[in-house]
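Since the structure comes first, as structure tokens, the remarks are kept for the end.
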Amino acid sequence: MKNKIVNLLSEKIDFLTNDDISQLIEIPPKPEMGDFAFPCFRLAKELHKAPPVIAKEIADSITLPDYVDHVDIQGAYINFFLKKTGFVQSMVEAVSAEDFGASTEGNGKTICIDYSSPNVAKNFHVGHLRTTIIGNSLYKIYSKLGYKVERINHLGDWGTQFGKLIVAYKNWGDEQAIKEKGVEELMRLYVAFHNAAKENPELDDEARAWFNKMEQGNEEALKIWKWFVDISLTEYKRTYALLGLDFDHFTGESFYRNMTSDIVKKLTDANLLTESEGAKIVDLEEYNMAPCLILKNDGSSIYATRDLAAIFYRKNTYNFVKALYVTGQEQKLHFAQVFKVVELLGNEWAKDQLVHIPYGLVSLNGAKLATREGNVIYAEDILLEAISKIKKTIEEKNPNLEDKDEVARIVGVGAVIFNDLYNQRIKDVSFSWEKLLNFDGETGPYVQYTYARCSSILRKAGIPTDTYKVDLSNVDYSIITDEASVELLKEISRFPAVVKDASEKYEPFIVARFAVAVAQSFNKFYTVNRINVEDENIKNTRIALVKITRKVLKDALDLLGIGVVEEM
Ligand code: ARG
């Protein structure tokens with residue numbers, strides 16, 4: 001429909017392209033302002049006339065096609081009122097397509113997303129929860145647009161800290177305690193090392209020696225290290241299972257350990273490496289950045305060296321069109337440096353293909369969250385608590401519900417995810433149980449509840465809910481004239497544009513807001529339109545709208561990494 005309006009206008013305005021016109025066209029905020037509005041401000045310069053005069057001239061010159069009911073001038077705007085039936089029919093047909101919201105723009109292209117990436121032997125904390133949730137949503141969004149996505153977990157599993165842990169384990173470790181308590185015990189050992197090293201600095205030398213052994217491939221060192229990695233991964237995977245997500249590659253920093261010498265060679269050959277106090281760096285003063293450290297004075301590689309190796313590995317292996325890195329803002333400089341070094345090595349693509357995607361903090365003020373030893377908060381505990389709180393609510397409100405545990409998991413976890421994704425990434429996330437678990441309000445449970453309401457309406461009408469196919473053969477478009485129905489359809493129609501916008505800005509919140517808007521629109525529709533009515537014509541038509549809403553809510557939630565339940 002919008003394209004038809006664009007074509008109509010382009011016949012009258014020869015100095016704007018169809019794309020220009022399309023971008024100028026607005027969807028008015030209120031129905032009394034029409035279905036599409038075209039502002040004439042931009043035309044004033046070329047035509048040397050006041051915008052309202054231009055609006056009137058264009059409007060007068062248009063011969064109305066059969067799908068336009070009338071046009072109306074309001075100031076500088078030409079408002080188009082479409083014939084309801086034609087407009088409604090084209091919307092219904094578009095939104096009920098099976099792949100509505102999907103596109104083929106990414107076909108044949110690969111995007112790497114580096115996210116989650118917790119640090120081995122450390123707890124999976126709330127910050128890692130954010131990168132995990134945001135990264136997973138971006139994965140879903142890009143997949144919807146046809147891209148092949150490589151989900152990469154760049155575990156922090158290499159570095160001097162593992163030398164320290166080995167020393168600590170050898171001195172004060174207990175195999176059984178580690179088997180039982182996992183990461184919590186590894187963290188205790190790490191703290192124990194630091195306390196002891198304050199008294200006895202020789203421990204630091206020992207730790208360096210052990211890490212050196214790891215880098216040399218020493219069997220004993222690698223065996224202990226590998227055990228720490230496995231213990232930690234088992235725990236992280238429990239959190240991933242609760243979230244219902246997975247990765248294509250658990251290739252941590254250690255994966256690139258033998259590729260760092262090649263980076264050093266590349267940099268040396270390109271004359272980019274300089275020596276500074278025994279260390280090797282790339283000077284970035286010209287770009288107003290601190291130098292990028294490549295090798296420490298003992299010759300060992302660091303975080304940045306392994307990130308450089310990872311970029312070349314991924315470019316060669318996946319030939320990505322984009323590589324995204326989802327981490328906290330505090331790593332902004334790190335990525336700016338690393339990306340610059342790649343570019344300086346003669347890779348122009350680094351400029352627009354390597355993207356750091358930062359996010360804000362989680363502010364826990366007020367929220368009572370369970371802590372483990374040392375007052376540490378685990379993401380797993382937050383999710384488990386959300387699940388148990390939802391389970392309580394379900395037990396009060398709907399005690400006979402089947403699969404209570406699975407419903408509580410989907411809704412509890414969904415609530416945490418939704419709260420995380422409801423605002424721009426860079427904003428801090430405030431954490432309040434009351435707010436995020438609320439069944440009405442702008443929350444995950446509210447959207448899920450609306451979905452479940454759609455399912456329940458269908459069940460009551462005897463319509464199978466095991467399919468999302470919408471059959472339009474019984475729909476009578478001429479009865480979809482009330483404002484609530486038309487507004488609902490208009491809201492749903494935005495989905496493809498919403499997905500595209502979210503992908504371009506790397507902002508899942510755009511999808512989250514859309515889901516809430518559709519749910520609100522549906523609930524308005526539902527309060528004014530009875531569905532299970534005598535008149536088969538009306539009933540079938542309204543049921544089609546319920547089915548369309550149900551499908552788009554499921555699809556939108558899925559893009560956020562949130563599941564749906566048929567009853568809650
Ligand atoms: N392990 C790091 C951390 O927890 C995040 C790694 C991000 N990815 C990367 N390629 N540097 O802070």
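The values are calculated or read from the model by the stated rules, or taken from the named source; none is laboratory data. Quick caveat: nothing in here was measured; it's all calculated off a predicted structure. All Cβ positions, glycine included, derive from the backbone under ideal geometry; neighbour counts span all protein chains shown.
Is it the case that Leu203 is in a helix (DSSP H, G or I), in contact with a Leu (Cβ under 8 Å, 6 or more places away or on another chain) and at pLDDT 95 or above? Don't jump to the end; show me each part of the working.
Values: in a helix (DSSP H, G or I): yes; in contact with a Leu (Cβ under 8 Å, 6 or more places away or on another chain): no; at pLDDT 95 or above: yes.
Criteria not met by Leu203.
Give me the residue from the stretch 138-194 that is within 14 Å of the ligand (Cβ to nearest atom) and acidic (Asp, Glu) and, out of that set, nearest to the chain's Cα centre (by Cα).
Looking at residues that are within 14 Å of the ligand (Cβ to nearest atom) and acidic (Asp, Glu), I get Glu150.
Considering Val71, Val88, Val92, Val126, which residue is within 16 Å of the ligand (Cβ to nearest atom), of a type outside the set (D, E, K, R) and not assigned by TED's automatic domain parsing to the domain that holds Arg550? Please lay out each step first, then the result.
Numbers: Val71 fails: within 16 Å of the ligand (Cβ to nearest atom); Val88 fails: within 16 Å of the ligand (Cβ to nearest atom); Val92 fails: within 16 Å of the ligand (Cβ to nearest atom).
Answer to the selection: Val126.
Does Ser521 qualify as being in contact with a helix residue (DSSP H, G or I) (Cβ under 7 Å, 6 or more places away or on another chain), touching a residue at least 60 places away in the same chain (Cβ under 8 Å) and surrounded by fewer than 22 Cβ atoms within 10 Å (Cβ to Cβ)?
Values: in contact with a helix residue (DSSP H, G or I) (Cβ under 7 Å, 6 or more places away or on another chain): yes; touching a residue at least 60 places away in the same chain (Cβ under 8 Å): no; surrounded by fewer than 22 Cβ atoms within 10 Å (Cβ to Cβ): yes.
In short, no.
I'd like to verify a number: residues in the stretch 273-330 that are exposed (fewer than 13 other Cβ atoms within 10 Å of the Cβ) and of a type in the set (D, E, K, R), how many?
Here the count works out to 6.
Please count how many residues of the stretch 424-455 are touching a strand residue (DSSP E or B) at 6+ places or on another chain (Cβ under 7 Å) and at pLDDT 95 or above. Walk me through it before giving the result.
Narrowing the stretch 424-455 to residues touching a strand residue (DSSP E or B) at 6+ places or on another chain (Cβ under 7 Å): 425-426, 428-431.
Subsequent filtering for residues that are at pLDDT 95 or above retains 425-426.
Count: 2.
Looking at the stretch 433-441, is at least one residue out of contact with any Ser or Thr (no Cβ under 6 Å at 6 or more places or on another chain), part of a loop (DSSP other than H, G, I, E, B) and within 18 Å of Phe525 (Cα to Cα)?
Yes, the stretch 433-441 contains a residue that is out of contact with any Ser or Thr (no Cβ under 6 Å at 6 or more places or on another chain), part of a loop (DSSP other than H, G, I, E, B) and within 18 Å of Phe525 (Cα to Cα).
So, Val447, is that one closer than 28 Å to Leu421 by Cα and among the aliphatic types (A, V, I, L, M) or not? It would help to see each step written out before you state the result.
Numbers: closer than 28 Å to Leu421 by Cα: yes; among the aliphatic types (A, V, I, L, M): yes.
Yes; evaluated as a whole, the condition is true for this residue.
If you check Glu487, Glu504, which single one turns out to be surrounded by fewer than 20 Cβ atoms within 10 Å (Cβ to Cβ), charged (D, E, K, R) and more than 23 Å from Val533 (Cα to Cα)? Break it down stepwise before answering.
Values: Glu487 fails: more than 23 Å from Val533 (Cα to Cα).
On inspection, the qualifying residue turns out to be Glu504.
In the stretch 118-148, what count of residues is obtained for those that are hydrophobic (A, V, I, L, M, F, W, C) and touching an Asp or Glu at 6+ places or on another chain (Cβ under 8 Å)? Give the steps one after another, and end with the answer.
Filtering the stretch 118-148 for residues hydrophobic (A, V, I, L, M, F, W, C) gives 120-121, 124, 126, 129, 133-134, 138, 141, 145.
Now restrict to residues that are touching an Asp or Glu at 6+ places or on another chain (Cβ under 8 Å): 120, 124, 129, 133-134, 145.
The total comes to 6.
Please name all residue pairs, on different chains or six or more residues apart, with Cβ atoms under 8 Å, provided the first residue is in the stretch 127-151 and is on the phi > 0 side of the Ramachandran plot and the second residue is of a type in the set (Lys, Arg).
Gly146/Lys109
Output the number of the condition that Ser276 fails; it satisfies all remaining conditions of (1) of a type outside the set (D, E, K, R); (2) over 37 Å from the mean Cα position of the chain (by Cα); (3) closer than 22 Å to Thr327 by Cα.
Looking at each condition in turn, Ser276 falls short on (3).
So Ile302 fits all but one of (1) in contact with a Pro (Cβ under 7 Å, 6 or more places away or on another chain); (2) farther than 22 Å from Asp352 by Cα; what number is the exception?
Tallying (1) in contact with a Pro (Cβ under 7 Å, 6 or more places away or on another chain); (2) farther than 22 Å from Asp352 by Cα, Ile302 fails exactly one: (1).
How many residues are outside any helix (DSSP H, G or I) and more than 18 Å from Ile231 (Cβ to Cβ) if we restrict to the stretch 165-200? Give the derivation first.
Quick first cut of the stretch 165-200, residues outside any helix (DSSP H, G or I) only: 173-174, 182, 200.
Now restrict to residues that are more than 18 Å from Ile231 (Cβ to Cβ): 200.
The number of residues fulfilling the criteria is 1.
Looking at Glu180, Glu199, Glu253, Glu185, can you tell me which residue is over 24 Å from Ala309 (Cα atoms) and crowded, with 18+ Cβ neighbours inside 10 Å?
Details: Glu180 fails: crowded, with 18+ Cβ neighbours inside 10 Å; Glu199 fails: crowded, with 18+ Cβ neighbours inside 10 Å; Glu253 fails: over 24 Å from Ala309 (Cα atoms).
One residue alone meets the criteria, Glu185.
If a residue must be more than 16 Å from the ligand (Cβ to nearest atom), of a type in the set (D, E, K, R) and in contact (Cβ under 8 Å) with a residue 12 or more places away in the chain, how many such residues does the stretch 95-117 contain? So that I can check it myself, show each step before the final result.
Within the stretch 95-117, the first condition is being more than 16 Å from the ligand (Cβ to nearest atom), and the residues that meet it are 95-110.
The next check asks that each one be of a type in the set (D, E, K, R); those that pass are 98-99, 105, 109.
Keeping just the survivors that are in contact (Cβ under 8 Å) with a residue 12 or more places away in the chain gives 98, 105, 109.
Residues meeting the conditions: 3.
For the stretch 318-344, which residues satisfy the criterion of being away from the ligand (no atom under 14 Å from the Cβ), farther than 12 Å from Cys292 by Cβ and of a type in the set (A, V, I, L, M, F, W, C)?
Residue satisfying the conditions is Val321 alone.
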